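Contents: one structure, followed by commentary.
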Amino acid sequence: KQEVTQIPAALSVPEGENLVLNCSFTDSAIYNLQWFRQDPGKGLTSLLLIQSSQREQTSGRLNASLDKSSGRSTLYIAASQPGDSATYLCAASPRETSGSRLTFGEGTQLTVNP
Amino acid sequence: DTAVSQTPKYLVTQMGNDKSIKCEQNLGHDTMYWYKQDSKKFLKIMFSYNNKELIINETVPNRFSPKSPDKAHLNLHINSLELGDSAVYFCASSRRADSSYEQYFGPGTRLTVT
C-alpha cells in the first residue's frame, strides 16, 4: 500500500527566499506524481504533474523533480512571495487505465512573510 | 467559468439525516471522482466514475452512494449521517480514466454533522 509523507508539516520563510518542499513515497512503482496547492476554504489547484519517465517539470517559479529510485519528489519555489502562502500537497498515482487513485501526503503549510 | 463546481459549499445537518452533494464539470472530461478530506487534512479517494460507469469503489460505508446521471455530473448521496462523516468532500475530474491525466478539483463541500 502506497504511503506518501511530506516534510516539513509547516514552513515559515521571509519573502524572496528560495525554498524546497519534500515529498516521499514508499512504493516506487508510481506512474506520476502531482503537486497541488490548497488555499484555506478552497479546493486544490494543480501545479505540476511529473510522469514517471520524466525527471522534472517547471512552471514559472516552480520546479518539481522526481526520483523514483529513492522514492522522493521535491517542489522548489524560487523567490517566494506572500501570495505563495498556502498548503502544498503531493499525490502519487500508480499505473492505471481505469481510474487514477491518487494517494496524498498530509501537506506542507507554507507561510511567506512580507 | 468554474471548471468543477460543487453544491452546496457548506452543509450542516443532524445525525440520522440523509443529504446529497452535487458536482458538475464543464471541462468535457470523461472521468469524475469523490474524495474525502478528514479533520487531519488527509485526502482519500472514495469513488470514481467514467462515462457514468463506476470504476473505483474504495472501502466506504454503503451509506454513501454515488450517482452519475451523465458524464458531466457526479452526485454523492449519504444516508443516516453520522458524526464521523463530518469532513470536506471534494469532487474532481480528469480527461480520461488513465492515470496519465491531471485531476482538477472542485472547491469542496464542508459537511458538519451535529
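The values are calculated or read from the model by the stated rules, or taken from the named source; none is laboratory data. Bear in mind that the values here come from a model prediction, so they are computed numbers and not experimental data. Cβ: placed from backbone, ideal geometry, glycine included. Neighbour counts: every protein chain shown.
Of all residues in the range B:101-114 being assigned to a strand (DSSP E or B) and surrounded by fewer than 18 Cβ atoms within 10 Å (Cβ to Cβ), which is farthest from the other protein chains (Cβ to nearest Cβ)?
Only one residue tops the list, namely B:THR112.
Taking only the range B:62-72 into account, find how many residues are farther than 18 Å from A:SER98 by Cα and either under 12 Å from the mean Cα position of the chain (by Cα) or at pLDDT below 90 (or both).
Filtering the range B:62-72 for residues farther than 18 Å from A:SER98 by Cα gives B:62-65, B:69.
Narrowing further to those that are either under 12 Å from the mean Cα position of the chain (by Cα) or at pLDDT below 90 (or both): B:64-65.
Of the residues in that region, 2 qualify.
Within the bounds of the range A:55-72, is there any residue that is within 26 Å of B:TYR89 (Cβ to Cβ) and either more than 12 Å from chain B (Cβ to nearest Cβ) or buried (at least 20 other Cβ atoms within 10 Å of the Cβ) (or both)?
The initial filter retains those residues of the range A:55-72 that are within 26 Å of B:TYR89 (Cβ to Cβ), namely none.
Checking the range A:55-72: not a single residue is within 26 Å of B:TYR89 (Cβ to Cβ) and either more than 12 Å from chain B (Cβ to nearest Cβ) or buried (at least 20 other Cβ atoms within 10 Å of the Cβ) (or both).
For residues that are more than 13 Å from the chain's Cα centre (by Cα) and within 11 Å of chain A (Cβ to nearest Cβ), scanning just the range B:39-53, find the one that is surrounded by the fewest Cβ atoms within 10 Å (Cβ to Cβ).
Ranking the candidates gives B:LYS40 first.
Evaluate the range A:44-54: report whether one residue or more is part of a loop (DSSP other than H, G, I, E, B), of a type outside the set (Val, Ile, Thr), modelled with pLDDT of 90 or more and surrounded by 12 or more Cβ atoms within 10 Å (Cβ to Cβ).
Among the residues of the range A:44-54, not one is part of a loop (DSSP other than H, G, I, E, B), of a type outside the set (Val, Ile, Thr), modelled with pLDDT of 90 or more and surrounded by 12 or more Cβ atoms within 10 Å (Cβ to Cβ), which makes the answer no.
So, of the residues in the range B:54-68 that are within 14 Å of chain A (Cβ to nearest Cβ) and either of a type outside the set (Val, Ile, Thr) or loosely packed, with under 14 Cβ neighbours inside 10 Å (or both), which turns out to be nearest to B:GLU24 (Cα to Cα)? Quick ask: steps written out before the conclusion?
Taking the range B:54-68 and keeping what is within 14 Å of chain A (Cβ to nearest Cβ), we get B:54-60, B:66, B:68.
Then keep just the ones that are either of a type outside the set (Val, Ile, Thr) or loosely packed, with under 14 Cβ neighbours inside 10 Å (or both); that gives B:54, B:57-59, B:66, B:68.
On the way: B:LEU54: 16, B:ASN57: 20, B:GLU58: 21, B:THR59: 24, B:PRO66: 13, B:SER68: 10 Å.
That would be B:SER68.
Considering the range B:69-100 alone, what residues qualify as being buried (at least 19 other Cβ atoms within 10 Å of the Cβ), without any contact (Cβ under 8 Å) to a residue 40 or more places away in the chain and either within 14 Å of another protein chain (Cβ to nearest Cβ) or assigned to a strand (DSSP E or B) (or both)?
Once the filter is applied, which keeps residues that are buried (at least 19 other Cβ atoms within 10 Å of the Cβ), without any contact (Cβ under 8 Å) to a residue 40 or more places away in the chain and either within 14 Å of another protein chain (Cβ to nearest Cβ) or assigned to a strand (DSSP E or B) (or both), the range B:69-100 yields only B:SER99.
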